[in-house]
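Have a look at the structure below, then the notes.
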Amino acid sequence: MSSTIKSPWLIHYDASSCNGCDIEVLACLTPMYDLERFGIINTGNPKHADVFLVTGSVNERNIKVVQQIYNQMLEPKVVIACGICACTGGIFKECYNTLGGADVAIPVDVYAPGCAIRPEGIIDAVVMGLGVLEEKRKALAAGELVSDPLPDDLSAAKKSVGGKTVRESSFFETLQKEDSDAA
Amino acid sequence: MGERTVIPFGPHHPVLPEPLHFDLVLEDEVVVEAIPQLGFVHRGLEKLVAKKDYMQFVLVCERICGICAFGHSLGYSETIEALMKIEVPIRAQYLRVIWHELSRVHSHLLWLGLLADAFGFENLFMQCWRLREEVLDIFEETTGGRVILTACNVGGVEQDIEDSELKAIVQRLEKMAVEYKGLLKVFLKDRSVKNRLVGVGYLSKEDAAKFSTVGPFARASGLQEDLRMLGFGGYGELKDFQPVTSDGGDGYARSEVRALEVFQSIDIIRELVAKIPEGPYTQKVKGSPEAGSYAVGHLEQPRGECFYLAKGNGTKFLERFRIRTPTSQNVAGMAHIMQGCDLADVPINILTIDPCISCTER
Ligand code: SF4
């Protein structure tokens with residue numbers, strides 16, 4: 001195992017969350033839940049970070065910010081969508097200024113739903129993300145890592161609903177499929 | 001006079017838990033002007049009233065802000081109750097105030113922690129957040145949620161708290177208060193903390209009134225402004241309520257006001273728990289708001305006064321719902337106190353007003 005997996009640094013950006021998930025992310029870093037025991041440190045610098053935690057849904061104004069942070073991070077990197085807002089848009093999905101979950105802006109590796117997501121859920125998601133990170137690192141070492149393209153050209157996925165362009169999160173489609181399979 | 005430079009600050013910045021952008025116009029290291037830019041968290045949830053009926057909307061309203069979540073569901077419920085002329089059972093009113101004051105304790109502890117983080121006192125930040133977990137545990141035991149409680153609905157509250165449990169809550173809070181006093185010594189007496197706060201971001205009483213600041217930001221400049229004095233809802237049952245104020249007007253005064261309000265909230269909870277009456281805690285709500293009906297609600301949130309407006313149209317869906325949140329009132333004052341401060345003090349100045357961007361932009 002490399003040092004990246006032993007001590008991944010994370011960066012957190014609040015896309016348009018209600019703060020509920022943000023404070024839970026912060027709570028993870030405090031003594032009660034203590035993500036630092038996995039060697040995880042919260043950093044403000046995208047270049048230092050291996051794990052990108054996004055909370056909240058993406059809107060017209062912050063989609064660029066999310067993409068900029070993602071682009072500045074170096075490979076291998078993992079994106080974790082925290083909270084149902086970041087997964088699909090959640091309760092704000094129908095709002096006029098919400099484009100959808102984080103995956104309308106950047107490729108997401110781990111989805112961690114919940115409203116608000118509990119710190120235990122975040123820890124689970126991060127630990128799961130570390131597995132993805134390790135795979136990516138191996139692929140990178142073997143020269144096989146192909147970075148996922150930014151889904152900014154999402155014209156195919158765009159739908160027009162009542163005059164508003166909606167981009168459907170892929171996670172939402174999975175959920176819907178699971179629902180229809182169950183029915 | 002040095003040359004002017006414009007520095008963009010945010011939206012992603014390590015001290016800010018929330019995205020907020022400032023264009024800082026600097027002359028050497030001194031800020032001449034700070035121009036706030038908003039919109040990063042705008043979702044447009046007021047419009048959701050057209051898609052969710054008035055009973056469901058309380059859930060949306062709660063998610064305006066995860067820190068004062070309970071407050072928003074309370075404010076919304078009170079507004080709709082005024083709109084539909086619903087009498088809320090007394091016990092529910094007491095329980096609402098108890099949860100609301102608990103939220104205030106949690107919000108202020110969270111803020112004190114963030115402030116400590118902003119001036120680089122990591123240990124103090126961790127300690128504040130450790131104490132805050134105590135309140136979150138109480139939330140979890142009484143409602144099941146940690147930050148989003150879903151405890152308040154139109155007509156009352158979702159669930160009761162038993163009297164024995166209420167007494168246990170008071171005991172836990174009192175135990176917490178002892179530890180909290182130790183932390184306060186550091187916040188209010190420590191020289192290095194004072195160095196960072198005293199005299200930073202001064203706002204005079206006149207300016208506080210001129211910029212219509214609200215909440216602890218206004219109270220720290222000597223304004224006696226606290227909607228709890230009006231005695232709405234369960235606050236009317238309090239024997240005597242006096243807001244915590246300070247004349248300092250600087251960052252230190254603001255932390256002092258918030259720090260002491262934690263004790264005040266604990267006192268309120270203790271007083272209400274001692275005299276909470278028996279009875280039902282919720283009541284069935286039928287029908288929908290009448291066409292053309294119109295109601296205003298107000299509430300003292302941890303960050304200041306918050307106004308709600310609701311208009312009915314005879315259906316289950318509201319015609320219009322509008323909120324004016326405390327931070328939107330305080331942004332002008334915040335931009336003002338940043339004029340003339342050092343670049344290194346910008347994070348402290350932003351934090352001492354306790355901005356909640358997610359409320360402001362909704
Ligand atoms: S998932 Fe829930 S708690 Fe998290 S940001 Fe969205 S509304 Fe807030």
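The values are calculated or read from the model by the stated rules, or taken from the named source; none is laboratory data. These numbers were taken from a predicted model, which means no experiment stands behind them. Cβ coordinates were reconstructed from backbone atoms using ideal geometry, including for glycine residues, and neighbour counts include every protein chain displayed. In case anyone asks, the SASA skips ligands and DNA or RNA and just uses the protein heavy atoms, side chains included. Shrake-Rupley method; radii C 1.70, N 1.55, O 1.52, S 1.80 Å.
Ordering A:59-70, A:28-39 by mean Cβ neighbour count within 10 Å, with the highest value first, yields A:59-70, A:28-39.
Rounded to the nearest 20 debye, the dipole size of region B:79-125 about its Cα centre is 260 debye, using +1 on the Cβ of Lys and Arg and -1 on the Cβ of Asp and Glu. B:Glu141 exposes around 120 Å² of accessible area when a 1.4 Å probe is run over every protein chain in place.
As an equivalent ellipsoid, region B:41-329 spans semi-axes of 32, 23, 17 angstrom, where each value is the square root of five times an eigenvalue of the C-alpha gyration tensor, largest first.
Here the protein assembly as shown carries DSSP beta bridges of which approximately 70% are antiparallel, counting only pairs with both residues inside. Label-to-label distance, A:Glu178 versus B:Asp207, with points set 7 angstrom from Cα along the beta-carbon direction: 5.3 nm. Buried surface between chains A and B: roughly 3200 Å² of accessible area, summed over both sides, computed with a 1.4 Å probe on protein heavy atoms only. Between the alpha-carbon centres of region B:24-52 and region B:63-84 there is a gap of 23 Å.
Counts of other chain beta carbons within 10 angstrom of each beta carbon in peptide A:20-28 average 6. Maximal additional length on extending the B:Asp137-B:Arg322 stretch stands at 63.4 nm, based on 0.36 nm per residue less the C-alpha distance. Karplus-based coupling profile of region B:140-155, in residue order and whole Hz: 5, 5, 8, 10, x, x, 9, 10, 9, 8, 6, 9, 10, 9, 5, x, with θ = phi - 60° in 6.51 cos²θ - 1.76 cosθ + 1.60 and x standing for Gly or Pro.
For peptide B:140-149, the mean count of partner chain Cβ atoms within 10 Å of a residue's Cβ comes to 3. Of A:Tyr111, A:Tyr96, the order by accessible heavy-atom surface (1.4 Å probe, DNA, RNA and ligands excluded), from most exposed downward, is A:Tyr96, A:Tyr111. Each Lys and Arg Cβ is given +1 and each Asp and Glu Cβ -1; about its Cα centre, the protein assembly as shown then shows a dipole of about 700 debye. For chain B, the relative contact order comes to 26 percent (Cα pairs under 8 Å, sequence separation of at least 6). Relative to one another, the C-alpha centroids of region A:12-41 and region B:96-162 are positioned 16 Å apart.
Over the C-alpha atoms of the protein assembly as shown, the Rg to Rh ratio, Rh being the Kirkwood estimate, stands at 0.96. Measuring against 19 Å, Cα to Cα, the residue pairs B:Lys167/B:Lys284; B:Lys181/B:Lys239; A:Lys93/B:Lys47; A:Lys93/B:Lys51; A:Lys177/B:Lys51; B:Lys85/B:Lys311 contain B:Lys167/B:Lys284; B:Lys181/B:Lys239; A:Lys177/B:Lys51 as the ones spanning a longer distance. In chain B, helical runs assigned H by DSSP with n ≥ 4 each contribute -39500 (n - 2.57); averaged across all residues and rounded to the nearest 500, the mean residue ellipticity at 222 nm is -15000 deg cm²/dmol. Projecting each Cα onto the charge dipole of the protein assembly as shown (Lys/Arg +1, Asp/Glu -1 at the beta carbon, about the Cα centre), which of B:Leu59, B:Ala92, B:Ser293 comes out farthest on the positive side? It is B:Ser293. Summary of the geometry: region A:56-79 and region B:222-258, compared by the centres of their Cα atoms, lie 41 Å apart. Here the Karplus curve 6.51 cos²θ - 1.76 cosθ + 1.60, taken at θ = phi - 60°, turns the phi angles of region B:53-60 into couplings of 6, 5, 7, 6, 5, 4, 5, 5 Hz, with x standing for Gly and Pro. Can you send over the carbon and sulfur percentage of the accessible area for the protein assembly as shown, probe radius 1.4 Å, protein chains only? Carbon with sulfur: 52 percent of the solvent-accessible area. Using a probe of 1.4 Å, the accessible surface attributed to B:Leu59 totals some 70 Å² when neighbouring protein chains are kept in position. Put simply, the amide H of B:Gln301, placed in the peptide plane, has neighbours under 5 Å in B:Cys306, leaving out anything fewer than 5 places away on its chain.
Sequentially through region A:63-73, phi angles give Karplus couplings (6.51, -1.76, 1.60; θ = phi - 60°) of 4, 5, 4, 4, 5, 4, 4, 4, 5, 6, 6 Hz, Gly and Pro residues having no value and appearing as x. Take each residue of peptide B:33-46, count the partner chain Cβ atoms within 10 Å of its Cβ, and average: the result is 5. Note on surface exposure: B:Lys205, B:Lys189, B:Lys181 rank B:Lys189, B:Lys181, B:Lys205 by accessible area, highest first, 1.4 Å probe.
The amide H of A:Ala116, built 1.01 Å from its N in the peptide plane, has B:Val147, B:Ile148 as neighbours under 5 Å, considering only residues 5 or more places off or on other chains.
Within chain B, the cysteines lacking any other cysteine Cβ closer than 4.7 Å to their own Cβ are B:Cys61, B:Cys68, B:Cys128, B:Cys152, B:Cys306, B:Cys341. Placing dummy labels 7 Å off each Cα toward the beta-carbon, the span from A:Glu60 to B:Lys239 is 5.6 nm.
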